[in-house]
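Chemist: A single structure is presented below for examination.
The values are calculated or read from the model by the stated rules, or taken from the named source; none is laboratory data. Computed from a predicted model, the values in this text were never measured in an experiment. Note that we place each Cβ from the backbone using ideal geometry, even for glycine, and neighbour counts take in every protein chain shown. Please note that ligands, DNA and RNA were not included when accessible areas were found on the heavy atoms of the full protein model with its side chains. Shrake-Rupley method; radii C 1.70, N 1.55, O 1.52, S 1.80 Å.
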Amino acid sequence: MTKKLWGGNYDAAPDAVFWEFNRSLPFDRRLVREEIAASRAWVRALGRCGAIRAEEAATLERGLDEVLARVEKDPACLEVDLEDVHSFVEAGLGEVVGDLAGQAHLGRSRNEQTVTALRLWARRTIDALRAAVASLVRALVEKGGEGADAVMPGYTHTRAAEPITFGHWAAAHAWGLVRDFDRLGDARARVDVLPLGSGALAGASLPLDREAMARDLGFAAVSENALDAVMDRDFAVELVFACAQLQTHLARLAEDLILFAGPEYGFVTLPEAFTTGSSLMPQKKNPDALELVRGKAARLDGDLMRLLALLKGLPAGYQKDLQEDKEAVFDAADTALGSLAVTTGVVSGLGLVRETMRHAASREDLMAAGLAVALAREGMPFRRAHQVVGSLVGEAQKGGRSLKAVAAEKLPAISPAVASRIDALFDPREAVRAKSLRGGASPEAVRASLDAALARVAPLV
């Protein structure tokens, strides 16, 4: 079956190699439900404006419903030798209603059909992505609440810096995802514009009610310029960028968990269902799920660059180049959705090894900053306090002694008030309790931060 939507002025069939090169049905067939929905709204609009009779519009709508029912019953019916999803729907409609199917295309161009179907798909997909992001935020909030008072080292430059809690770490990643949730919502607003009625580039000559079509399809607005509408893929770029930024956050989360679950850290245990074994070393449980999440960030960056490079320098109007937009958009969304599901499973199944975290957070050099602040709060200029504590650290390192022992020896002569609190100043639990400002590492501040993150995504969890 090679029926085309064009060709009346052609004497011969297309070159066979070119025909396969040109076809997009192998990948745009996933837009079939959106194409049928848009076609249903179109024939309804044709009936409303009198371009076709009301009974014809009703027959076409029923025929489109039957095409959709066929697809849902047997998705393999999409594996036919047709040019694209639009050709498939019209050919299928013809099998149901005969020549009347041609009226479904009255006044309509594939240029507007293509972008309408993609916008409908993008809107639905963004909703799915936001729901998946919200689920991961909830998982981080729940696990972070479990570890809101579990002290562990915080890191800068990959070096242990100050004590924090596992909950503080979880909240940090949750807030990055909250921004992804918001970013996807912003992108959805620009997706939610109806192009139908734009024709090939100049608009339709029929007295169509575009606002009614927008209501039928749930669009918030209609496009204001037909030429812009058929060539606009800004929304696709925004969606892919949002997915790429999201994947970057997932990759950072994955990297932390890969390290924290390793024997050198031992802060968490990974759920076995998200690890794999070694073909040689029987003892291994490798974090392959997280490594793939991390690696797929490069894939989404590639999708984004592919789309930006595709659009650069195109002249105004629809160009066949734009057929290349869909695979990048589909791949970005599919990859992000898969990564979100896997990461949510990992986070939900994490085991917290509190004693190992506490032991690592008890390293005395992690208390150096708190010690300098304590001296400054007793009246010593902070830069001087920084130098004093630095000299204590240096003496401890050179003499092979503990920082606490050196501080206990030297501080009574420098600041008796600080010296009297030496045990508390070297307790990592006291160190995090002191960070009680909004956004800080104290258990109370952490719980408030986690609750606030969950509230931001609450409509979808």
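Chemist: What is the distance in Å between the Cα centroid of region 58-121 and that of region 395-461?
Modeler: 64
Chemist: How far apart, in nanometres, would the label points at Cys77 and Ala298 be if each is projected 7 angstrom from Cα along the Cα-to-Cβ direction?
Modeler: A separation of 4.3 nm, rounded to one decimal place.
Chemist: Which GluC sites (Glu not before Pro) in region 359-461 pass both tests, a DSSP loop state and at most 15 other beta-carbon atoms within 10 Å? Let's see the in-between values first.
Modeler: Working: sites: Glu364, Glu378, Glu395, Glu409, Glu430, Glu444; in loops: Glu378.
Answer in residue order: Glu378.
Chemist: First compute the accessible area of the chain with a 1.4 Å probe, then give the percent of it belonging to carbon and sulfur atoms.
Modeler: Answer for the chain is 53 percent, counting heavy atoms of protein chains only.
Chemist: So for the pair Lys285, Glu395, with labels modelled 7 Å out along Cα→Cβ, what separation do we get in nm?
Modeler: Once both label points are built, they end up 4.6 nm from each other.
Chemist: With +1 on the Cβ of every Lys and Arg and -1 on the Cβ of every Asp and Glu, and nothing else charged, how large is the dipole of region 221-323 about its Cα centre, in debye rounded to the nearest 20?
Modeler: On the way: 10 positive and 14 negative charges, 71 e Å.
My answer is approximately 340 debye.
Chemist: Just tell me the longest site-free run in the chain, where the sites are chymotrypsin sites (Phe, Trp or Tyr not before Pro) in a DSSP loop having at most 13 other beta-carbon atoms within 10 Å.
Modeler: Result, exposed sites excluded: 11-461.
Chemist: In region 134-188, if every C-alpha pair distance is counted and binned at 10 Å from zero, what percent goes to each bin?
Modeler: Whole-percent P(r) values from 0 Å outward: 25, 41, 26, 8, 0.
Chemist: Moving to a separate point now. Taking 0.36 nm per residue of separation and subtracting the Cα-Cα distance, what length does fully extending Ala413 through Arg190 add?
Modeler: That pair, Ala413 and Arg190, stretches by 73.7 nm at full extension.
Chemist: Moving on. Which of the trypsin sites (Lys or Arg not before Pro) found in region 301-348 are loop residues per DSSP with 11 or fewer other Cβ atoms within 10 Å of their Cβ?
Modeler: Sparse-neighbourhood loop trypsin sites (Lys or Arg not before Pro): Lys312.
Chemist: Identify all lysines with a Cα-Cα distance to Lys73 below 26 Å; exclude those on the same chain that are fewer than 8 residues away in sequence.
Modeler: Excluding near neighbours in sequence, the set is Lys3, Lys4, Lys326.
Chemist: Sticking with this structure for a sec: If you consider only alpha-carbon coordinates, what radius of gyration and Dmax does region 82-190 have, in Å?
Modeler: Every Cα atom of region 82-190 included, Rg and Dmax give 24.5, 75 Å.
Chemist: Skip the ligands, DNA and RNA, and give the accessible area per residue of region 1-88 with a 1.4 Å probe, whole Å². Before the final figure, lay out the partial values.
Modeler: Values: 4610 Å² over 88 residues.
For region 1-88, the solvent-accessible area averages 52 Å² per residue.
Chemist: Between region 155-173 and region 264-316, what's the alpha-carbon centroid distance in Å?
Modeler: Comparing the Cα centres of region 155-173 and region 264-316, I get a distance of 22 Å.
Chemist: Enter the angle in degrees (range 0 to 90, nearest 10) between the Cα long axis of helix 85-97 and the first principal axis of the Cα atoms of the chain, meaning the one along which they spread out most.
Modeler: Taking the Cα atoms of the chain, the angle to 85-97 is about 40 degrees.
Chemist: Going by alpha carbons, how many degrees (0 to 90, nearest 10) lie between the helix axis of 288-311 and the longest principal axis of the chain?
Modeler: Result, in degrees: 50.
Chemist: Tell me the angle of helix 382-399 to the major Cα principal axis of the chain, expressed in degrees between 0 and 90 and rounded to the nearest ten.
Modeler: Result, in degrees: 70.
Chemist: Now a separate question. Can you give the helix-only mean residue ellipticity at 222 nm for the chain, where every DSSP H stretch with n ≥ 4 adds -39500 (n - 2.57) and the sum goes over all residues, rounded to the nearest 500 deg cm²/dmol?
Modeler: -20500 deg cm²/dmol
Chemist: Note down the nm distance, to one decimal, between modelled labels 7 Å out along Cα→Cβ at Lys312 and at Arg215.
Modeler: Going by the 7 Å Cα→Cβ label model, 4.5 nm.
Chemist: Go through region 368-459 and name the trypsin sites (Lys or Arg not before Pro) that are in a DSSP coil and have 11 or fewer other Cβ atoms within 10 Å of their Cβ. Let's see the in-between values first.
Modeler: Numbers: sites: Arg377, Arg383, Arg384, Lys398, Arg401, Lys404, Lys410, Arg421, Arg429, Arg433, Lys435, Arg438, Arg447, Arg456; in loops: Arg401, Arg421, Lys435, Arg438.
Sites meeting the loop and neighbour criteria: Arg438.
Chemist: Here is a follow-up. What aspartates and glutamates does Lys296 reach when the alpha-carbon gap must be under 13 Å and sequence neighbours fewer than 8 apart in one chain are set aside?
Modeler: Glu255, Asp288, Asp331, Asp334
Chemist: With a 10 Å radius around each residue's Cβ, average the other Cβ atoms per peptide and rank 250-257, 147-154, highest first.
Modeler: 147-154, 250-257
Chemist: When semi-axes √(5λ) of the Cα gyration tensor in Å is calculated directly from the model, which label among [x] 61, 22, 19; [y] 53, 28, 20; [z] 37, 29, 19 fits?
Modeler: The value matching this structure is [x].
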